1. Looking at this model, which pairs from Lys215/Lys263; Lys73/Lys119; Lys165/Lys223; Lys42/Lys63 are more than 28 angstrom apart at the alpha-carbon?
2. Taking Cβ-Cβ under 4.7 Å as the only way to count a partner, pick out the unpartnered cysteines of the chain.
3. Using the Karplus curve 6.51 cos²θ - 1.76 cosθ + 1.60 with θ = phi - 60°, what ³J(HN,Hα) values do you get for each residue of the range 139-154, in whole Hz, with x for Gly and Pro?
4. Rank Ile39, Ile393, Val159 by how far each Cα sits towards the positive end of the charge dipole of the chain (+1 on Lys, Arg Cβ; -1 on Asp, Glu Cβ) and give me just the farthest.
5. Name the residue from Asn176, Gln106, Gly370 whose Cα lies farthest towards the positive end of the charge dipole of the chain, charges +1 on Cβ of Lys and Arg and -1 on Cβ of Asp and Glu.
6. Using C-alpha positions alone, give me the convex hull volume of the range 47-103 per residue in cubic angstrom.
7. When the Karplus curve 6.51 cos²θ - 1.76 cosθ + 1.60 is applied with θ = phi - 60°, which whole-Hz ³J(HN,Hα) does each residue of the range 264-273 get, with x for Gly and Pro?
8. Counting only DSSP beta bridges with both residues in the chain, tell me the antiparallel percent, nearest 5.
Amino acid sequence: MDKNAQPQKLAYIKTFGCQMNFHDSDIIAELLRQADFSIVEKADDADTIIFNTCTVRDHAENKFYSELGRYSKSGKKIVVAGCLSQIEGRGLMRRAPFVHAVVGPQYIYEIPSIIDAGKVVLTGDNPEFYLNSQPSVGKLSASVNIMYGCSRFCSYCIVPYTRGKEVSRKPEDIYNEINGIAQAGAREIILLGQNVNAYRYEETDFAALLKMVAKIPGISRIKFLSPNPASMTDRQIREIGSIPKCVPHIHLPLQSGSDRILKLMKRGYNSKTYMKKVEKIENYIKDAILTTDIIVGFPTETEDDFRQTLKIVGDVGFFNSFMFCYSKRRGTEASLMESQVDTELSKERLARLMEFQEKITAKKLTKYKGRIVSVFVDKRKKGGFSGRTRQDIVVNIESDKELFGKFVPIEIYEISKHTLKGREIA
Ligand code: SF4
């Protein structure tokens, strides 16, 4: 062994929460690699552990604390990043004194330099954060933040407190970054933002940004997450429909079908205006499929409110829904509301909603049997590959040919609970 060789630095990253957090973890991993760390698959093999935390629901927070406790006497360097760090700050270090650093979402670029420093707490707003260009992570499907934070303050949501107010990145920076990622081999781009379609930088709005991204050579599919119905304009819908590279999958978070609850949630739309947007999406975007997010058991939700949610789910026929019981978040307006719904009742409603959605999903998936769809193959699996249709439906493919990274016509022959199974057409 070379006497001068530096001992290898090994880091493990555990991510909780949403796609934004997973994307931040990709950035942290790349920054660490650039600082001569190797990223390992198991926490036990690492000398540094980064927890990228989430506070959107109680469940993610509790899971993090129980996992953190396991490392109290491990002697490993523990860095806690993400939304919980922003909220807890020094309190987190007081609760877990063995933690080495607490880093809010706007300080992730500092992580490599603080690992070898003393105890550090870096939270709050960081004006320099928006100036960073994100390191390319060399993937076929790459995510790019186009904006940060959210200024909508839905009454149940902690994001505006953890991620700060909405700030959109310069279109030139986004263009250059995607161009670089495309040249490194990416074929699919996912534009990310907490309220992604509220993007605006001077004269460039979200629709204009989509047009700009569509012109980047090498990019074949454009996706975006997560739009807010209140920020979805007719112009955006028309533009998405007119750009062949935009996938016809719109995730449109409904949250509730009751106008009374939507008002309490401060969502900025009601069931009628929501349904109008659905109608426009179906008219302007060919073969569009819709998915959604729903919160069950928001404070004061009655059986009648819940039935109105079921009605919209049935009327729209969502392809799939991300469904959760309401989780009380400290510091939000909804946490102070009286008449919080009993947990068991929320769970019972959630079970009913899930059962209903599963039936709709099964019916929708069945229509694919026998069809030939274009699949972008982006994962290797045992015995073959998996990929996604233009509408973002996962297709598992058995094949011994090299399909990775290709767009392949696939014949669907089997339907599973949430995915399709297909073979190459001869
Ligand atoms: S728009 Fe989304 S991220 Fe913003 S406050 Fe509402 S739920 Fe939270």
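Throughout, read-outs are computed from the coordinates displayed, never taken from laboratory work. Bear in mind the structure is a predicted one, so any value in this text is a computation, not a measurement. Using ideal geometry, Cβ is built from the backbone for each residue, glycine included, and neighbour counts are taken over all protein chains shown.
1. The pairs that break the limit, which is 28 Å between Cα atoms, are Lys215/Lys263.
2. When partners are defined as cysteine Cβ atoms under 4.7 Å apart, the chain leaves Cys18, Cys54, Cys83, Cys150, Cys246, Cys325 without one.
3. Coupling constants for the range 139-154: 10, 5, 10, 10, 9, 9, 6, 9, 8, 10, x, 7, 10, 7, 6, 4 Hz.
4. The one lying farthest along the dipole's positive direction is Ile393.
5. In the chain, that residue is Gly370.
6. Cα convex hull per residue, to the nearest whole number: 65 Å³.
7. Going residue by residue, I get 5, 6, 6, 7, x, 8, 10, 4, 5, 5 Hz, with x marking Gly and Pro.
8. Here the share of antiparallel DSSP bridges comes out near 35 percent.
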